[in-house]
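The values are calculated or read from the model by the stated rules, or taken from the named source; none is laboratory data. Just so it is clear, the model here is predicted, and its values are computed rather than measured. Cβ coordinates were reconstructed from backbone atoms using ideal geometry, including for glycine residues, and neighbour counts include every protein chain displayed.
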Ligand SMILES: NC(=O)c1ccc[n+]([C@@H]2O[C@H](COP(=O)([O-])OP(=O)(O)OC[C@H]3O[C@@H](n4cnc5c(N)ncnc54)[C@H](O)[C@@H]3O)[C@@H](O)[C@H]2O)c1
């Protein structure tokens, strides 16, 4: 059986991580083409990763590259447009988080993919991160009884590209960017339990001059089964990337830390090349991470998606999960804006989620 042909849209930060994952860990996939608006960037990315074809037209890569899967690694405001174009050309979709900017876009993406009979695979890698999955398997085994509280935090000192800070392109600030991980993981851990209501508070701490969006947020999600989820997200935290979870059960508890918990500990007077994502120094005490992509679950996620396409399996994480996550994000912005709990279902019509807080 020949390899499954993938076209990758975008050649920025996450595209590099997807490429490392395909190249090292997904032998059944062949990335046959890459798209960037700037053909020079597409060619440079193709040379670096030994990809045969590069394009500066999204339509051309979808229709002409011979791909079966389109892996969308573009800024948030392009997710819906790219998904719908690819689905209408009968390509399966791998879509980076967040699924879309608005719920209407999310609904349209899910609808078109269903009509065209293509898979909409939502790339929430925390559902595949080996350490988080070890925690989930122990919970399933009964190790800590019934979950009554989950906490998940993802924090660093701010993203690497300008578009993240433009709320018209990103849809919001850190909640759109990183809160989506916490909410996706809550649903994953709680077997898609239904959300009752959402409470949130947020602020702009470190990047006031650069964004209208929030760069620090705390969200409490109450589920119908009685569990609560607490998401802490920040673009204001110095010291490199932080991604950790805590799971509290009636018979015990578990902690997992994806970065400091998968790193060596170093003290360097002179500094060195690279410690971990978003670390701004390598002098003094630092946490040099190992197998950064692997420990976050990207290879496992992409291997699973390619297996779903090759063997016509139902993906574990789909557009429906991405849509539910986006609804919680809407409710969190509205809660912070109004200073009260927001009950779900909640689907006001807005241009972008952060408007529910900014107004
Ligand atoms: N799963 C994760 O943990 C994770 C991590 C990082 C990023 N992401 C997601 O991946 C997506 C891409 O993020 P990134 O960090 O790679 O961003 P990036 O800025 O590093 O790269 C974005 C790519 O899109 C291209 N691009 C920008 N504006 C464009 C436009 N108007 N038209 C066409 N192309 C355009 C850029 O040239 C670049 O190739 C985002 O949706 C982000 O949320 C997910």
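For the stretch 37-46, a residue qualifies if it is more than 19 Å from residue 21 (Cβ to Cβ) and either crowded, with 21+ Cβ neighbours inside 10 Å or out of contact with any strand residue (DSSP E or B) (no Cβ under 6 Å at 6 or more places or on another chain) (or both), and the qualifying residues are 37, 38, 39, 40, 41, 42, 44. Residues being farther than 19 Å from residue 334 by Cβ, surrounded by fewer than 24 Cβ atoms within 10 Å (Cβ to Cβ) and within 14 Å of the chain's Cα centre (by Cα) are entirely absent from the stretch 209-217. Counting only strands (runs of 3 or more DSSP E) that sit completely within the stretch 235-284, those holding 1 or more residues that are surrounded by fewer than 17 Cβ atoms within 10 Å (Cβ to Cβ) and in contact (Cβ under 8 Å) with a residue 24 or more places away in the chain correspond to 242-249, 252-257. With the condition kept exactly as written, say whether any residue in the stretch 131-149 is under 18 Å from residue 76 (Cα atoms), within 14 Å of the ligand (Cβ to nearest atom) and in a helix (DSSP H, G or I). So far as the stretch 131-149 goes, no, none of its residues is under 18 Å from residue 76 (Cα atoms), within 14 Å of the ligand (Cβ to nearest atom) and in a helix (DSSP H, G or I).
For residue 74, the stated conditions hold: it is in a loop (DSSP other than H, G, I, E, B), assigned by TED's automatic domain parsing to the domain that holds residue 308, farther than 18 Å from residue 3 by Cα and within 17 Å of the chain's Cα centre (by Cα). Filtered by the rule that a residue be crowded, with 20+ Cβ neighbours inside 10 Å and out of contact with any helix residue (DSSP H, G or I) (no Cβ under 6 Å at 6 or more places or on another chain), the stretch 333-351 gives a lone residue, 335. Does residue 206 meet the test of being within 13 Å of the ligand (Cβ to nearest atom) and either surrounded by fewer than 21 Cβ atoms within 10 Å (Cβ to Cβ) or outside the structural domain of residue 241 (by TED's automatic domain parsing) (or both)? In short, no. State whether the residues of the stretch 156-163 include one that is surrounded by 21 or more Cβ atoms within 10 Å (Cβ to Cβ), assigned by TED's automatic domain parsing to the domain that holds residue 249, closer than 16 Å to residue 201 by Cα and more than 8 Å from the ligand (Cβ to nearest atom). For the stretch 156-163, residues surrounded by 21 or more Cβ atoms within 10 Å (Cβ to Cβ), assigned by TED's automatic domain parsing to the domain that holds residue 249, closer than 16 Å to residue 201 by Cα and more than 8 Å from the ligand (Cβ to nearest atom): absent. Here 170, 106, 182, 153 are screened, and the one residue that is within 16 Å of the ligand (Cβ to nearest atom), surrounded by 17 or more Cβ atoms within 10 Å (Cβ to Cβ) and in the same structural domain as residue 308 (by TED's automatic domain parsing) is 106.
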